[in-house]
Amino acid sequence: MEKTVIAVGDSSKLEIIFNTKTYKSKVTKRPKIQTNEGPPDKRVSITATITPRPDSTYPIRIKPYKLDMSQLSDKVIDKAEFTISNISEEKLDVEMITFSKELFDVELPESIGPGKTIKAVVKLKKDATDKSFEKSFTIELSDQYKSRFTVPVKRIVRNSTGKQASTRKLDIGK
Amino acid sequence: MKQFKLLMCFFVVLWILAGTAWSAPRLTIPDADFNFGFVPQHSKISHDFWLLSTGDDELKILKVVPG
């Protein structure tokens, strides 16, 4: 949470982190938010279709399906490339739904032709080079189901003492 | 005249108390549902929800309980 006291007319961001672990198929989580408004508590809802075989998804396959931008030595790692293969028989438009704007940019094609494989890249923001994080980005396709795919993006930065930065978040799925 | 002033003070205090009693915090979540779609196993994913304070009193987030 950015802040726990929100002035009248103001807003705050609540980050929900979901650890997919060994879940299978469709999972919905509904964290409850308790406030001084009193009951009933309000809820947010997240849904994910967790796939044990991310190398056999349809209509696209993303390789690698998880991105690791960890920097454990002096070598600067500020981007991660990946490919998206359209294994369907129709042209698919690709729309970015959400990503961590303050940490990285995602360069994606607008569309992918049938049977084609394209390259895409996640580029770290300059302000984020010293940050460790576990985030993700979500894209939506133009197929009949409006299929969505979420790609985890992880970065661990070890400082000179060998310690890594940590952040306080609500972690679901434990 | 003194009685009138006292009466006025009483109404002012009553008005302030009534205002305090009726003002209430309110949480509004414009997009409360999010679909991640396909996600690999053994990974951490995240989404930001916006919480809006739409009442007429300060909103306090007391606790977020995993569901």
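The values are calculated or read from the model by the stated rules, or taken from the named source; none is laboratory data. Quantities reported herein were computed from a predicted structural model and do not represent experimental measurements. Cβ sites come from the backbone with ideal geometry, for glycine too, and all protein chains shown count toward neighbours. We work out accessible area using only protein heavy atoms, side chains counted, and drop any ligands, DNA or RNA first. Shrake-Rupley method; radii C 1.70, N 1.55, O 1.52, S 1.80 Å.
Before moving on, here are some points about what is shown:
- Contour minus Cα-Cα distance for A:Glu90 and A:Glu110 (0.36 nm per residue): 5.8 nm
- Averaged over the residues of A:79-92, the number of partner chain Cβ atoms lying within 10 Å of the residue Cβ comes to 0.
- These residues, A:Tyr65, A:Tyr23, A:Tyr58, go from largest to smallest accessible area, 1.4 Å probe, as A:Tyr58, A:Tyr65, A:Tyr23.
- Look at the stretch A:59-65: the mean tally of other chain Cβ atoms within 10 Å of its residues' Cβ atoms is 1.
- 28 Å Cα-Cα threshold exceeded, pairs from A:Lys21/A:Lys146; A:Lys13/A:Lys146; A:Lys3/A:Lys66; A:Lys123/B:Lys63; A:Lys3/A:Lys79; A:Lys21/A:Lys123: A:Lys3/A:Lys66; A:Lys123/B:Lys63; A:Lys3/A:Lys79
- Quarter of the Cα convex hull surface for the range A:77-119, i.e. its orientation-mean projected area (nm²): 3.4 nm²
- Our compactness index for the range A:1-51, the C-alpha radius of gyration over the empirical 2.2 N^0.38 Å, is 1.45.
- Reachable aspartates and glutamates, given that their alpha-carbon falls under 15 Å from the alpha-carbon of A:Lys42 and they are not under 8 places away in the same chain: B:Asp31, B:Asp33
- Between A:Lys126 and A:Asp78, the contour length at 0.36 nm per residue exceeds the alpha carbon distance by 16.4 nm.
- If R0 is 45 Å, the Cβ-Cβ spacing of A:Asn36 and B:Gln3 corresponds to a FRET efficiency of close to 0.65.
- Mean partner shielding of peptide A:34-43, defined as the number of other chain Cβ atoms within 10 Å of each residue Cβ, is 6.
- Per-selection Rg to Rh, the range A:37-88 - Cα, Kirkwood hydrodynamic radius: 1.23
- For the range A:100-140, the alpha-carbon radius of gyration amounts to 1.42 times the rule-of-thumb value 2.2 N^0.38 Å expected for a compact globular protein.
- Coupling constants for the range A:70-78 follow from the phi torsions by the Karplus curve (6.51 cos²θ - 1.76 cosθ + 1.60, θ = phi - 60°), and in residue order they are 5, 10, 9, 9, 6, 5, 6, 10, 10 Hz; glycine and proline get x.
- Set of aspartates and glutamates with alpha-carbon distance to B:Lys44 below 15 Å, sequence-local pairs under 8 removed: A:Glu15, A:Asp68, A:Glu134, A:Asp171
- R0 of 35 Å, Cβ-Cβ distance B:Asp48-A:Gln144: FRET efficiency to nearest 0.05: 0.75
- In the protein assembly as shown, Rg over Rh equals 1.15, where Rg is the alpha-carbon radius of gyration and Rh the Kirkwood radius from pairwise Cα distances.
- Coil-residue trypsin sites (Lys or Arg not before Pro) of the range A:44-90, DSSP, other Cβ within 10 Å capped at 11: A:Lys75
- Inter-label distance, nm, simple model (7 Å from Cα along the C-beta direction), B:Val65/A:Lys24: 3.1 nm
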